[in-house]
Structure formats: C-alpha cells, structure tokens
1. Determine the relative contact order of chain A: mean sequence separation of Cα pairs under 8 Å and six or more apart, normalised by residue count, in whole percent.
2. Take the alpha carbon atoms of the stretch A:160-195, find their center, do the same for the stretch B:59-128, and report the distance between the two centers in whole angstrom.
3. Once ligands and nucleic acids are excluded and a 1.4 Å probe is used, how much of A:Thr108 is accessible, expressed in Å² to the nearest 10?
4. Could you compute how much accessible area chains B and A hide from each other, both sides summed, with a 1.4 Å probe? Nearest 100 Å² is fine.
5. Show the residues, 5+ positions off or on another chain, whose built amide H is closer than 5 Å to the amide H of B:Thr99.
6. Measure up A:Lys136/A:Lys245; A:Lys104/B:Lys85; B:Lys85/B:Lys143; A:Lys104/B:Lys176; B:Lys85/B:Lys163 against 27 Å on the Cα-Cα distance and list the ones that go over.
7. Please figure out what share of the DSSP beta bridges in the protein assembly as shown is antiparallel and state it in percent, rounded to the nearest 5.
8. For B:Thr223, which sequence-distant residues (separation of 5 or more, or a different chain) have an amide H within less than 5 Å of its own amide H, given hydrogens modelled in the peptide plane?
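The values are calculated or read from the model by the stated rules, or taken from the named source; none is laboratory data. It should be emphasised that the depicted structure is a prediction, and the values quoted were computed from it without experimental measurement. Please note: Cβ atoms are built from the backbone with ideal geometry, for glycine as well, and neighbour counts cover all protein chains shown. Surface areas here come from the heavy atoms of the whole protein model, side chains and all, with no ligands, DNA or RNA. Shrake-Rupley method; radii C 1.70, N 1.55, O 1.52, S 1.80 Å.
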Amino acid sequence: MSLIESLPKVRKLTVPRADGLLPWLVPLGIILIWQAASVAGLVSPRVLPAPSDVARAGWKLLWSGELGRNIWVSFWRASIGFLIGGGIGFAFGLANGLSQLSSKLTDTTLQMIRNVPHLALIPLVILWFGIDESAKLFLVALGVFFPVYLNTLHGIRTVDPQLIEMGRVYGMTDGELFRRVIFPGALPSIFVGLRFALGIMWLTLIVAETIAASSGLGYMAMQAREFMQIDVVVLSILIYALLGKVADSASRLLERLTLSWHPAFSKH
Amino acid sequence: MQQVLRLPVSSTEAIDAPEVIGHAETFRPHRKSSVTPAKSETRGLPLVIRDLRKAFGDNEVLRGIDLEIPAGQFVAIVGQSGCGKSTLLRLIAGLDKPTSGTISFGDTAARAEDVRVMFQEPRLLPWARVLANVEVGLGRDRKAAGAHERARQALEEVGLAEKRDQWPAVLSGGQKQRVALARALVSGPRLLAFDEPLGALDALTRIAMQRLLERVWADQTFTAILVTHDVAEAVALADRVLVIEDGRMAEDITVDLPRPRQRGSAELAALEGSILGQLLGPGTTG
C-alpha cells in the first residue's frame, strides 16, 4: 500500500528533471564511448580521430573565422533555396488543391518531374550555371519543392468536406473559408512536408557543395579530404547533424505554436 | 438529470388501456394541416413548399412534396432511412438545389442568417476555441461590434459559458453538440433545421438535449424542422409529425398535447406506436 502510494510521487520527481536531458543521453554516451575507445587506442586516429581532436580542430577553425564563414554561406544557401523552392511548392500546392483547372493543367507535369532524382541534374546544372550560387540555389529549391508541394496538396484535398459545407452554410466568403477552414485544416500536413523538405534541403546542399563549390561546409569537408585533415571532415559531419537537429527543432516549435488545438501536439 | 431518470417509470403500463388508444386515434390522420402555432407572437419564418422534386441522376429521391409550415411551428420529419427526409431538409436549408418545385419562406425576403442548420455531427472547427466557433454562426455580423457578447450569450443559453476558452477536442460529444446548437442560435435564426442532431448521443444526454431544444425553441420562437428516425423524439418535441415514404408525404399528424410533455406517458406512447405502425407497415406492431 505504502509502496503503491509512493510510486506516482517518485515519477513526478524524476520525470521533469530528466525530460530535457533524456534525448541527449544517447548522443552524449556515443561521444564518451568514442573518446574512451580513442584514448585506449582501439580506434586508429587515421580512421576516426578522437572527439577531443575534432573539438580542437573546430576551435581552431572557429578562431580563424573559416568555420563561421562556411556555416554562414551554407546556411544562407539553404535558407534562400528553401524559401524559393518551398514558396513555389506551396503556391502550386494551394493552386492545385483549390482549383480543378490548375490541377489538371500542371499536376501531371509536376509528377513527371518529381520522378527524376534531382541530384542527377547536377552535371546539367553545372553546365547551365557553372559553380556559382545559382547552381546550388536551383538544386536546393528543386529538392525542397516536391515535399512541400505534395503535402500541401494532400492537406488541402483532405480537409473535412463537412467542415467546408458548414463554413458555406454559415456564409463564409471564399477568402474566409480558406483562412478559417481550409488552411488550418491543411496545416498539419503542410508541416509534414516542411520537415521532409528540411531534410532534403541539407542533403542537396551538401552534395552540391561537395561537387561544385568554392565555399560552404561541403567545400570545407572536401578541402580537408585533399589535405588528409580527417578531424575537419568528421567535424563537418557533426555540424551537419547539429544543423539538421536545429532545423527540425525549429519546425517542431512552429508546429507546437500553430497546432496547439491538436490533441497530438498539445501535450508536448 | 434526476428528473430525467425518474421519467420512464411513469404510467407506461396504461398503454393498452382502450380509452387511451381511442384518444390517440382521434388525433391521427389530419391530412390537411389546420395547425395552430403554439404561440401568438412568433419571430419564426413560415415555409411553403410546392411540388418539390429532387433527383440524383436517375434516382428520384423526392417525388413531389407539398407542405405548408406556419411560423413558429415545431415540425418533425420521420421516415425510414433513404426515404428522402434528409434530402428535404438539405433543400430547405439551401444546401442543395431542387430539381423542380419551389421553397419559399413566407412573403418576407429571408436573410441567410435567418435560416440555420444543425447537423448530425457537431462540425466544430477543431482549431478554433469554443467561443470563436460560436461566432462563426454570426455569419456576416461576425465582425460587427458586440459579436463576442452575442456569442457569449448563446453559450450561456446552452449552459456552456465556462467552456468558452476550451478547444473542441476536450469537450464531450453532448457538449460539442451544445456548442453547435449555440452556433446555430447565435444569429437569432427564424428557421432552424435539425438533421438528426441527437442521433450520435447516448440515451441520457439525448433526453437532456431534447429538453434543451424544446426550451430554446420556446424562448426564441423560431420555426423548427427536426429530421429524426426516433419516433419517440418526434412525438415528444413536435407540434406536428410528417411521415415521408418513398419521397412522398405519407402522413401529416398533429400532436396536440400540452407542453412540457411527460416522456413515457400513455398518450405519447400510443401515438408513437401508431406512427411506428405506419412506418413499418401493417401487422408489424400490435
């Protein structure tokens, strides 16, 4: 009896404290094991440098300003490409979700383009744009376009028709109907597209920077490979992981702010 | 609620008494409606339907309905599923266009806000708080001054004033349907069409909702048209019960019993029995 009574208390005490740290436990543990393995000589520094070496390399690059500059360049390319591709995808998603004519006119074409792996266009893109900014922006925008387009379209098509009928009965104009019923109803699906798009955004950018660039994180990693600086290569990879996490957290935050009505998001 | 629970015991044993059945028979077949509105003062809209037909492709759902509903009357429409009763309601509410025939609301030009529908599902916007959902019902007046106040009053009317800032997801089924009722009431409609609004509720919530409907109807004196497949509900609430069969008006029964009606009373039970007999065909009820 006393044990049963004490159980909820114990949970109450421990859960909130661990809650914030819990997701970081696994990455932290991996780094610790990795460090221990390196120190013990189980892993050759030529295969995988110790985390401390990677941190030291990062510190050095940070001081020289090279790291900050490269991260900024990559971040800038990612955001601009994302805004362009996501914006166009969103616009097409809205248009094709709302208008039968627009859908008939463009959807087939878009589905055909979607099936071409956009990274396969790299040679063509280099021929078109050279290796300057527009090549990278084009590839990122193209990669981001489809998840945003498809999920916006899906979201709008699956808004509860009963709610739309209700809105019409209660005299909503088309604009109001969109603002108060269709868009909020499509939002959960749009966010799914957004999160997919963020993943594709990094992937495309890094590949593009690795192949054709003179700055950015991907370029930094390629340069380091040329000079056998394996610590810098590992550093770049870790930074990708962190940036991906940041982008994901940002979209989650947006979700929580805008979908607080949704039972699935209200508890986070 | 206690009162509700007490009800079913009262005088159901008297159903078979011959004088009761005789009494029920006397007010059964009024073919032509000579109906008296329950109130002398009503804001309700009268409704006149002439030779109304509706077909979906080859399937003719309504085959010529003629109907006059005086202002302020509470009319229940019953019938088997697929008989066309919901279609009739959707036409009255303007949700569908008739194939032929006319529907007119008296001689006044009715505004869109004067005719409201309450659906079987609450159809609340999940992303809007309860109060904002009620404000949807104001239609074009949504942006006018006092919109909040009117919505708040409508919520109070259905007894949910304290839920104004909740999300619909946290409400029970009955509460959601009450919010939907507040949304339908907030514009002060003159005709309210109910499409089986209580069909999905449990028995007790249902009876509580029936009383709420009857109360707001008496308060606000609108014309009420209730589509239901629950005959007991129809005879308990309505001034007049219309039976629809195969897209035609089969019966037009005036329920001339004083309100508030005692649920489970012999008169109601007898009337319900005779309507059920009509619906199910001869020989199925005794």
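1. Working: 262 pairs, mean separation 57.5, N = 268.
Taking the mean separation of contacting Cα pairs over the length of chain A, I get 21 percent.
2. 25 Å
3. 90 Å²
4. Working: alone 13510 and 16720 Å², together 28370 Å².
The contact between A and B buries close to 1900 Å².
5. B:Arg53, B:Lys54, B:Ala55
6. Numbers: A:Lys136/A:Lys245 22 Å; A:Lys104/B:Lys85 37 Å; B:Lys85/B:Lys143 35 Å; A:Lys104/B:Lys176 39 Å; B:Lys85/B:Lys163 34 Å.
Check vs 27 Å cut-off fails for A:Lys104/B:Lys85; B:Lys85/B:Lys143; A:Lys104/B:Lys176; B:Lys85/B:Lys163.
7. Values: 18 of 35 bridges.
DSSP beta bridges in the protein assembly as shown are roughly 50 percent antiparallel.
8. Placed amide hydrogens put B:Gly44, B:Leu45, B:Gly72, B:Leu191, B:Leu192 under 5 Å from B:Thr223.
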